[in-house]
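**Q** One structure is given below, represented as structure tokens, and several questions about it will come after.
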Amino acid sequence: AKEIGKGRCVIYDQQKFTQPEHDVSLEAAMFQAVRNGEFLLNYQPIVDAGSRQIMGFEALMRWHRPGEGLVPPSQFIPMAESNGLINLLGAWALKAACVQLKRFEEAANRPLYISVNVSPRQFRNDQFLDVIDEALRLSGLHGEQLLLEITEGILMSDPEHAEAFLKEMVARNVRIAIDDFGTGYSSLAYLKRFPIATLKIDRAFIKDLPGSIKDVAICNVVLSLAKHLNLNTVAEGVENEAQLQFLARQGCGLIQGYLTGSPLLPEQALAMLVAS
Ligand code: C2E
Ligand code: CA
Ligand code: CA
Ligand code: CA
């Protein structure tokens, strides 16, 4: 501003402030959106790699702004994480997803499971344990029907807290999945230390299958590791038959991706479930 009148300064100012100003207004809208009920959940089928039967769903949050459409989670989740709203939104998502799974299950007339994403801030929050108990109580789900998706980074940033928390999960039979497996910076040591049930192989390793020699090698090693450690495996972002065929042949148990089902509204997920 002190160099007002010089073209350069104006450009500098725009670069510096345009993005934050936009974020500030989106952030303000976010608080209002919570009150207006603009957040909803989609459910993406997770299917058996062999039979392709739906075994469960991952709950994925959506923010629908009236008149503006969907705000991508990659935009609003980090914002909610930094302003703390994720605790409120995450608690709502967990409870709503568990209650919804109960409805899916009653319609399908067989056991299913629900996978719910947990953010770093939620994981650290003292009230999170109560939220989990409340979700199980409200929905009437058994602990083993709930899978919490966390990243390697969440576990390793505070291993002591993680250890105590996971003990509580074991006591409830609530299972833990490592989301985006292989994309973090951590070692494999945590697989020895913590009671993990499932590895979710990140789409980064799936998308170039089966043509990429490196991705074939990585997936084979992960699947072999999981087999020997007695862990379930979910391949994320499966978009075509060739990927699914490869993964099924190599022993990947579960498949999630556009090929076998996109994230769906509850009524769409229900329709797919009863049609299958
Ligand atoms: P994620 O947990 O890794 O979720 C998988 C993402 O992959 C989802 O993106 C899903 O829509 C997308 N996806 C599924 N199948 C395919 C496919 O075949 N191809 C491609 N290209 N993509 C596929 P989405 O819904 O945009 O969510 C992005 C991220 O936002 C999630 O990544 C997760 O980290 C976060 N997120 C979403 N919902 C929640 C939530 O309720 N709580 C928290 N803490 N994070 C959430
Ligand atoms: Ca996830
Ligand atoms: Ca993932
Ligand atoms: Ca991911």
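**Q** Among the residues that make up the range 87-103, is at least one of them away from ligand 3 (no atom under 16 Å from the Cβ) and β-branched (Val, Ile, Thr)?
**A** Checking the range 87-103: at least one residue is away from ligand 3 (no atom under 16 Å from the Cβ) and β-branched (Val, Ile, Thr).
**Q** Can you find even one residue in the range 170-179 that is within 13 Å of ligand 1 (Cβ to nearest atom), within 23 Å of Ala248 (Cα to Cα) and among the hydrophobic types (A, V, I, L, M, F, W, C)?
**A** Just the residues of the range 170-179 that are within 13 Å of ligand 1 (Cβ to nearest atom), to begin with: 177-179.
Cutting the leftovers down to within 23 Å of Ala248 (Cα to Cα) gives us 177-179.
Keeping just the survivors that are among the hydrophobic types (A, V, I, L, M, F, W, C) gives 177-178.
Within the range 170-179, one or more residues are within 13 Å of ligand 1 (Cβ to nearest atom), within 23 Å of Ala248 (Cα to Cα) and among the hydrophobic types (A, V, I, L, M, F, W, C).
**Q** Check off (1) within 16 Å of ligand 4 (Cβ to nearest atom); (2) in contact (Cβ under 8 Å) with a residue 24 or more places away in the chain; (3) over 21 Å from the mean Cα position of the chain (by Cα) for Asp215 and give me the number that stays unchecked.
**A** Here Asp215 clears every test but (2).
**Q** Name the pairs whose Cβ atoms lie under 7 Å apart, with the first residue in the range 177-202 and in contact (Cβ under 8 Å) with a residue 60 or more places away in the chain, the second assigned to a loop (DSSP other than H, G, I, E, B), and 6 or more positions between them or separate chains?
**A** Ala177/Ala197
**Q** Anything in the range 67-97 that is more than 16 Å from ligand 2 (Cβ to nearest atom) and of a type outside the set (Gly, Ala, Ser)? List them, or say none.
**A** Listed by number, the residues that qualify are Glu68, Leu70, Val71, Gln75, Met79, Asn83, Leu85, Asn87, Leu88, Trp92, Lys95.
**Q** Shifting gears a bit: Inspect the range 153-164 for any residue being under 22 Å from Gly56 (Cβ atoms), at pLDDT 95 or above, within 16 Å of ligand 1 (Cβ to nearest atom) and surrounded by 14 or more Cβ atoms within 10 Å (Cβ to Cβ) and give the result as yes or no.
**A** no
**Q** Here's something else I'd like to know. Which members of the range 173-184 meet the condition of being assigned to a strand (DSSP E or B) and open to solvent by less than 20 Å² (accessible area, probe 1.4 Å)?
**A** Step one: list which residues in the range 173-184 are assigned to a strand (DSSP E or B), which gives 175-181.
Once the filter is applied, which keeps residues that are assigned to a strand (DSSP E or B) and open to solvent by less than 20 Å² (accessible area, probe 1.4 Å), the range 173-184 yields Ile176, Ala177, Ile178, Asp179, Phe181.
**Q** Given (1) within 12 Å of ligand 1 (Cβ to nearest atom); (2) surrounded by 19 or more Cβ atoms within 10 Å (Cβ to Cβ), identify the lone condition not met by Arg121.
**A** (2)
**Q** Still on this structure, I have one more. Please verify whether the range 197-207 includes one or more residues that are away from ligand 4 (no atom under 16 Å from the Cβ), out of contact with any helix residue (DSSP H, G or I) (no Cβ under 6 Å at 6 or more places or on another chain), among the polar types (S, T, N, Q) and within 30 Å of Glu160 (Cβ to Cβ).
**A** Looking for residues that are away from ligand 4 (no atom under 16 Å from the Cβ), out of contact with any helix residue (DSSP H, G or I) (no Cβ under 6 Å at 6 or more places or on another chain), among the polar types (S, T, N, Q) and within 30 Å of Glu160 (Cβ to Cβ), one finds none in the range 197-207, hence no.
The values are calculated or read from the model by the stated rules, or taken from the named source; none is laboratory data. Just so it is clear, the model here is predicted, and its values are computed rather than measured. Counting neighbours? That spans all protein chains shown, and the Cβs are built from the backbone with ideal geometry, glycine included. These area figures cover heavy atoms from the full protein model, side chains too; ligands, DNA and RNA do not enter into them. Shrake-Rupley method; radii C 1.70, N 1.55, O 1.52, S 1.80 Å.
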